[in-house]
Amino acid sequence: MHRRHDEYHKLTRGERIGYGMGDFAQNLVFGTIGGFLALHMLTVNTISTAVAGFIFLFVRIINVFWDPMVGTFVDKRSSKAGKYRPWLLRAGIPLVILSALLFAPIPEVRGSILFAFVVYLALDLVYSVVNIPYGSLNASLTRDPESIDKLTSTRMMLANSANLLVYTLFPMFVQMAAPKDRSLKDTGFFGLELNLGNYTDQSASYAWFGVYSVYMIIGFVALLLCYKLTKERVVATAEQSANVKTTDLFLELKNNRPLVVLGIFFMLAFTFMFFMNTVNGFFNQFVVGHSEWMGAVGLVASIPGIVFPIFWPRLKKIFGKKGFFHLFLGMFIIGEFLTYIWSLDGMHDALWLAYIATFIKQWGLTSATGFMWALVPEVIAYGELKSGKRNAAIINAIMGLFFKIGFTIGGAVPLWLLAVYGFNETGIHQNENAIAGINMTAIWIPIVLAFVSMIVIQLYPISDKNITDINRRLDEIRT
């Protein structure tokens, strides 16, 4: 009875913040990789567009086999420190080191496809060893639905605080440290002018590495706080852990329909998110010609994800789960249409339009892609009811696969499209075809995928009433 009561523990604000520091750390580390590695790889590191696309693709193919192995390994083991928490530190150290190596200013490996491939592959494998246990930890903190909703809001506020550092300040810091073509430029921060250099030139390699190294140190401290401030309460029994098999992945995919629907939604959401993120730097640099505004526009983009998640639980009660996602995906689409207007000739200097388009787009994006994590614990509970096994890490590995499929498509395909449209890696300016390719990947493909995502989420079968019934039936089984 004590254990069952503890499983419905009401999470304190400190516990919610502690768990959210894991999202803060991972967004700081991997968000920067997702948002800026392609730009750095093509311009500073001088690797061709098509080759970079194949590097992203091949690494993700390997993940198809790697992630289930990680999920099975984690689910079968435990320690005094817990089943999931220890991996935040065990894999956290190599994660930050490998991340920094991708931006290392080593002249001997500049332009080396082999070096970029090996380091990126190692980083991605280690990231799974952090991310899968971290995602599983979410479902082990509590089974209380209200606490899970509040936890999701808190963690997304911290995740988007990291995004503020990534998409707003990171490019500004790198440009401030870049040595070539320095001049006083209007940053878009209400008249603030800074002496900024060209961060797409090879001479900026030390600037990239220096700024990113600081981010990695902050990221590791955040992982350490996540480890210290969380406690696992809802965990598999020793018998359940012993019975975990790699083939459970296929059984979950076969029997857990909510998992499949949510996984497809994850894949689509991360595909259009990373389509945008991959070409965001290209859009600002070559389409509208205002890379110096990236910090200011990024600041506006980060506001909804930091300020508004506190309202998510209430909005879910008003609109329901599906209505929540339809509302915010619709906002994202409207924001993308406004971004298209910003891309038109004669509108490039309209900073006010950039602010409005970005604010609406990111409000919709951060809400839709943030709140979907609240559905993972109930998918795990549904799977436990169906199979008798609490395969939290395996289910998170499956979700990770869907995420990485989306990340792969969103990271590789845009680069191939840019190559097809004739993007010139060494050109200061791009021709009309290349500009059309950037707009296609930054605006039109994300709009189409967002529409498809609205259809998919409509098929999700678990309501709030269903999850209450699932918890009741699990309690009866465990009694």
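The values are calculated or read from the model by the stated rules, or taken from the named source; none is laboratory data. Note that the coordinates shown come from a computational prediction; the quantities given were computed from them, not determined experimentally. Neighbour counts run over all protein chains shown; Cβ positions are idealised from the backbone, glycine included. Just the protein is used for accessible areas: all its heavy atoms, side chains included, with ligands, DNA and RNA removed. Shrake-Rupley method; radii C 1.70, N 1.55, O 1.52, S 1.80 Å.
The table for this structure:
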{"read-out": "Tally, over segment 278-293, of residues that are in contact (Cβ under 8 Å) with a residue 60 or more places away in the chain, open to solvent by less than 20 Å² (accessible area, probe 1.4 Å) and polar (S, T, N, Q)", "value": "2"}
{"read-out": "Candidate set: segment 317-326, residues that are more than 21 Å from the chain's Cα centre (by Cα) and modelled with pLDDT of 90 or more; chosen: the one least open to solvent (accessible area, probe 1.4 Å)", "value": "GLY323"}
{"read-out": "Within segment 1-30, considering residues that are crowded, with 22+ Cβ neighbours inside 10 Å and modelled with pLDDT under 85, the one farthest from LEU417 (Cα to Cα)", "value": "VAL29"}
{"read-out": "Cβ-Cβ under 9 Å pairs, at least 6 apart or on other chains, segment 35-48 side within 13 Å of TYR120 (Cβ to Cβ), far side open to solvent by less than 10 Å² (accessible area, probe 1.4 Å) and not in a helix (DSSP H, G or I)", "value": "LEU37/PHE103; HIS40/PHE103; HIS40/TYR199; MET41/ILE47; ASN45/PHE103"}
{"read-out": "Residue identified as open to solvent by less than 10 Å² (accessible area, probe 1.4 Å), more than 30 Å from ALA139 (Cα to Cα) and not polar (S, T, N, Q) among ALA296, ALA350, ALA368", "value": "ALA296"}
{"read-out": "ILE303, sole failed condition from (1) modelled with pLDDT of 90 or more; (2) part of a helix (DSSP H, G or I); (3) open to solvent by 10 Å² or more (accessible area, probe 1.4 Å)", "value": "(1)"}
{"read-out": "Residues within segment 374-402 that are of a type outside the set (D, E, K, R), out of contact with any Pro (no Cβ under 9 Å at 6 or more places or on another chain) and open to solvent by 20 Å² or more (accessible area, probe 1.4 Å), tallied", "value": "4"}
{"read-out": "Answer residue from segment 80-96, given it is more than 14 Å from LEU137 (Cβ to Cβ) and free of Cβ contacts under 8 Å to residues at least 40 places away in the same chain and is most open to solvent (accessible area, probe 1.4 Å) among those", "value": "LYS80"}
{"read-out": "Meets criteria (of a type in the set (Lys, Arg), modelled with pLDDT of 80 or more, surrounded by fewer than 23 Cβ atoms within 10 Å (Cβ to Cβ) and over 17 Å from ARG233 (Cα atoms)) for ARG60", "value": "no"}
